[in-house]
Amino acid sequence: MDLNLAEDIVKKALSKGADSAEAFVSSGKGITVEVKDGEVDALEASLDAVIAVRVFRNGRLGFSFTTDISVADKVIDEAIEGSMWPAEDIYNVIPQMLAPSDVPVFDSAIAKISEAELISQAISLEKSSLSYDKNVKRVRKAGVSSGVSSTVIVNSNGVSISYQSSYISAQIVAFAENENGDSQVGSDFTVKRRAADLQITPVAVNAAKRAIELLGSRRITAMKLPIVLSPYIAVEFLEVLSASFSADAVQKQRSFFAGKLGKTVASSLVNIIDDGLLPWGIGSSPADDEGVPAQKKVLISEGVLNGFIHNTYTAKKDNVASTGNAVRSSSKGLPGVGITNLYINPEKDGNDKEAIVKSLSKGILITSVMGVHMANPVSGDFSIGISGLMIEAGQMAYPFKEAVISGNILDMFKMVEQVGSDLEFYGRIGSPSLLIGEMDISA
């Protein structure tokens, strides 16, 4: 991490005519291992570095990047030249200096992990899934990855930040088949900041179990029943909802929440938080990708929409402060608006998935969804394929397949009748189990 390099870039950009300037320097290295039949099927090592320069002149934006540190001066010139052409925009500003937040995101143990250790973990992942049940016949994409990265952000308003981060992840897809020739698939993944937090066996078992429990699935007739969403499935619906918290989406009228600030948008049991200060959270960091300190925001409180997430541009447009949600989808891109760690707050004394199931005389537990991300991004309307388990008298009665539920994302969150205590994160998004009131299910 070279603060001197970034500071030098900013000084040169100002000397070349920029009114304000920012240097974003990112570097990282990682290893990914995939195994098949107990042997290494693929091994990939990556090493990259990016310098991104953003300048403003008379409210006009110029941007350029390079992966070659030796041509930093050329990138500055390209950014300056680029600022000659766009229209003036009074909202084009860079943030002022604020002290970065203190949040742990770097585990030195991950930097020391060897290829041999990752290979051993990947082999164990595959083996654990195959040994879960005799009907688990094969595994695909049994993989483990790890990496460390460095980030430096310097701007002409006094921002000067550098930090390191780390990650380690595992993913697997398992295939099960019974004596009748019925085959089903199950998957799971996890990503952590600390090596000690990676639990291989639960990931392997979850994937195998999701495949096994759907064997012998039958079609069902149309009906109206309450629905249980495990954390794994609830996260998929929350991910669709997450884009609508972006102030950029709201300002462009591309959000479910446009015009709904201060209004009830979900069940009173639902509290949704975006927390960039979550210790060891995958979305945590001392500052966002513009250098604004990370923060914790309660976006929905007891069903009421409290606010949106902002970067510096959208915040100035709404005459508010940035919430520390500037996110670069790539180190080679401009900062947009994105979540940090978004989750539904669990009920401290709530039930877990098993207890919610036991409380139902009849209902369904959804274990697989298809097409959630095809939900209309403006209206929230959706129609998705589902598979899962029929619940009768508090017990799992039989598996079903190829059913469909249709509705509206916001309406569904208004129908939440129980929020569980079993919060789980999948990447940057987390949720406990949820019980949704009766929904129409078609065959």
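Of all the residues in the range 376-397, those that are open to solvent by 10 Å² or more (accessible area, probe 1.4 Å) and either at pLDDT below 90 or under 30 Å from PHE245 (Cα atoms) (or both) number 9. Does LYS192 satisfy being basic (Lys, Arg), more than 30 Å from ALA287 (Cβ to Cβ) and touching a strand residue (DSSP E or B) at 6+ places or on another chain (Cβ under 9 Å)? Judged against the criteria, LYS192 is not a match. Where strands (runs of 3 or more DSSP E) fall wholly inside the range 378-443, the ranges with 3 or more residues that are out of contact with any Asp or Glu (no Cβ under 7 Å at 6 or more places or on another chain) are 381-392, 395-408, 416-419, 424-426, 434-442.
Does THR151 count as in a strand (DSSP E or B) and either of a type in the set (S, T, N, Q) or surrounded by 15 or more Cβ atoms within 10 Å (Cβ to Cβ) (or both)?
yes
Count of the range 54-74 residues, restricted to those that are touching a helix residue (DSSP H, G or I) at 6+ places or on another chain (Cβ under 8 Å) and farther than 11 Å from ALA21 by Cα, is 6. Taking the conditions (1) in contact with a Gly (Cβ under 7 Å, 6 or more places away or on another chain); (2) in contact (Cβ under 8 Å) with a residue 40 or more places away in the chain in turn, LYS16 satisfies each one other than (1). For beta carbons closer than 9 Å, sequence separation of 6+ or different chains, a first residue in the range 401-429 that is free of Cβ contacts under 8 Å to residues at least 40 places away in the same chain and within 16 Å of SER242 (Cα to Cα) and a second that is of a type in the set (A, V, I, L, M, F, W, C) and crowded, with 18+ Cβ neighbours inside 10 Å, the qualifying pairs are ASN408/PHE256; ASN408/ALA375; ASN408/PHE382.
Name the residues in the range 240-251 that are at pLDDT below 95 and open to solvent by 20 Å² or more (accessible area, probe 1.4 Å), would you? The answer is VAL240, ALA243. Candidates SER330, SER361: the one that is more than 26 Å from LEU410 (Cβ to Cβ), at pLDDT 95 or above and either among the aromatic types (Phe, Trp, Tyr) or open to solvent by 20 Å² or more (accessible area, probe 1.4 Å) (or both) is SER361.
The values are calculated or read from the model by the stated rules, or taken from the named source; none is laboratory data. Values in this document were obtained by computation on a predicted structure and should not be read as measured data. With ideal geometry, Cβ positions are generated from the backbone for all residues, glycine too; neighbour counts draw on all protein chains shown. The area values use the complete protein model at the heavy-atom level, side chains included, leaving out ligands, DNA and RNA. Shrake-Rupley method; radii C 1.70, N 1.55, O 1.52, S 1.80 Å.
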